[in-house]
Amino acid sequence: MGKNVRNVTDPWAWFEEEFSNATGMPPVEKGYSPCEVGTQTLNKYVVVVIYALVFLLSLLGNSLVMLVILYSRSNRSVTDVYLLNLAIADLLFALTLPIWAVSKEKGWIFGTPLCKVVSLVKEVNFYSGILLLACISVDRYLAIVHATRTLTQKRHLVKFICLGIWVLSLILSLPFFLFRQAFSLNNSSPVCYEDLGHDTAKWRMVLRILPHTFGFILPLLVMLFCYGFTLRTLFKAHMGQKHRAMRVIFAVVLIFLLCWLPYNLVLLADTLMRTHVIQETCDRRNDIDRALHATEILGFLHSCLNPIIYAFIGQNFRNGFLKILATHGLISKEFLTRHRVTSYTSSSINVPSNL
């Protein structure tokens, strides 16, 4: 397929040309189609079924996580507070999944106000998730590497940190709330996308780079630094039992990266191609479009996975859940005694808060 002739006199013209055909965005200029748009990776009905299952699992799982942590008020650790906020973020996002599922089938039929709200919730979920995990990594680093309990014992300070995370996540996500609109062009299906006027391409580039720098790359570097030194300290001190107690946190971080890192890497490749650092071809464009579609679904899947990790790895989470059932007479105390295993710590989720 041939390309349209670029306007080289305007330094931002090529941005406009490239971003006008961005993934999920119908062409702004009538008749503009530099490449034939490829088909979606998955059938839309399959995507709807996936979203429905993720919605149900996330709703049930994160509600149970919140219940167990809130019920264990007396022995709640600082890490539990972070994980509680993580469950709240995933639960809020899960509530928007039915809307995203319908939009996959019928296009965006919900209007601009709901477009803004669900886009905001999606972005806040992503940024609050990685920022909370970064704070957990700093907390474990201070407690294990530097053997300090300054942050781990001041729970009121942790509440302010969590509040700051929510505020920062809102700030990073605010552009999506301000500029997202519901519209359709050239008789295409309605979409929920940014509309920034004549400088749409240039500002979309800013909206893509800045939030992902401060909301993904920097927190990721913090986690790699903190957990690298934490693991080295644990192995050097031969703290085998306490290392096993860190399995939950390592699993949570690993699952987050497996779900969201592919999407961000594909997004980076898309940015490099649109800025001509990587040569663009129609085959590459369609490959990236399909990859963005598939990896976004993988990112959505993350909202239901943390409770599964707690259930299979976190002995204290299982104990806490059984205790709630026994308290309300749903299981016998004898059953609770037989199945309760002494855990490494007093943490609700099985995280070493007493290091």
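The values are calculated or read from the model by the stated rules, or taken from the named source; none is laboratory data. Because the structure is a prediction, the values reported are computed rather than measured. Positions of Cβ are backbone-derived with ideal geometry, glycine not excepted, and every protein chain shown enters the neighbour counts.
As for segment 292-308, it holds at least one residue that is surrounded by fewer than 18 Cβ atoms within 10 Å (Cβ to Cβ) and among the small types (Gly, Ala, Ser). Residue-level analysis places LEU53 outside the set of residues that are over 30 Å from SER184 (Cβ atoms) and part of a helix (DSSP H, G or I). Do you know which residues across segment 55-112 are over 27 Å from ILE144 (Cα atoms) and basic (Lys, Arg)? LYS104, LYS106, listed by residue number.
Inside segment 250-265, can you point out the residues that are in contact with a helix residue (DSSP H, G or I) (Cβ under 7 Å, 6 or more places away or on another chain), within 25 Å of ILE278 (Cα to Cα) and not aromatic (Phe, Trp, Tyr)? Those that are in contact with a helix residue (DSSP H, G or I) (Cβ under 7 Å, 6 or more places away or on another chain), within 25 Å of ILE278 (Cα to Cα) and not aromatic (Phe, Trp, Tyr): CYS259, PRO262, ASN264. Taken across segment 210-227, residues that are within 26 Å of GLN315 (Cβ to Cβ), among the hydrophobic types (A, V, I, L, M, F, W, C) and either modelled with pLDDT under 75 or in contact with a helix residue (DSSP H, G or I) (Cβ under 7 Å, 6 or more places away or on another chain) (or both) do occur, with at least one present.
Any chance segment 104-121 includes a residue that's crowded, with 23+ Cβ neighbours inside 10 Å, within 29 Å of ILE313 (Cβ to Cβ) and at pLDDT 90 or above? Looking for residues that are crowded, with 23+ Cβ neighbours inside 10 Å, within 29 Å of ILE313 (Cβ to Cβ) and at pLDDT 90 or above, one finds none in segment 104-121, hence no.
Scan segment 189-203 for residues that are at pLDDT 75 or above and either farther than 25 Å from ALA101 by Cβ or loosely packed, with under 15 Cβ neighbours inside 10 Å (or both) and jot them down.
Narrowing segment 189-203 to residues at pLDDT 75 or above: 189-194.
SER189 - this is the single residue of segment 189-203 that is at pLDDT 75 or above and either farther than 25 Å from ALA101 by Cβ or loosely packed, with under 15 Cβ neighbours inside 10 Å (or both).
Can you pull out the residues in segment 112-142 that are out of contact with any Gly (no Cβ under 9 Å at 6 or more places or on another chain), among the β-branched types (Val, Ile, Thr) and within 24 Å of PHE250 (Cα to Cα)? Correct list: VAL124, ILE136, VAL138.
Within segment 89-107, the only residue that satisfies the criterion of being closer than 25 Å to LEU133 by Cβ, in a helix (DSSP H, G or I) and not hydrophobic (A, V, I, L, M, F, W, C) is ASP90. For ALA237, are the conditions met, namely being surrounded by fewer than 20 Cβ atoms within 10 Å (Cβ to Cβ) and modelled with pLDDT of 85 or more? No, not satisfied. If only residues of segment 255-289 that are part of a helix (DSSP H, G or I) and acidic (Asp, Glu) are counted, the one that is surrounded by the fewest Cβ atoms within 10 Å (Cβ to Cβ) is ASP283.
Condition check ((1) touching a Leu at 6+ places or on another chain (Cβ under 6 Å); (2) part of a loop (DSSP other than H, G, I, E, B); (3) free of Cβ contacts under 8 Å to residues at least 60 places away in the same chain) across all residues:
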residue	(1), (2), (3)
VAL68	no, no, no
ASN75	no, yes, no
ASN85	yes, no, no
ILE109	no, yes, no
VAL118	no, no, no
VAL121	yes, no, yes
ASP139	yes, no, no
VAL158	no, no, no
LEU163	no, no, yes
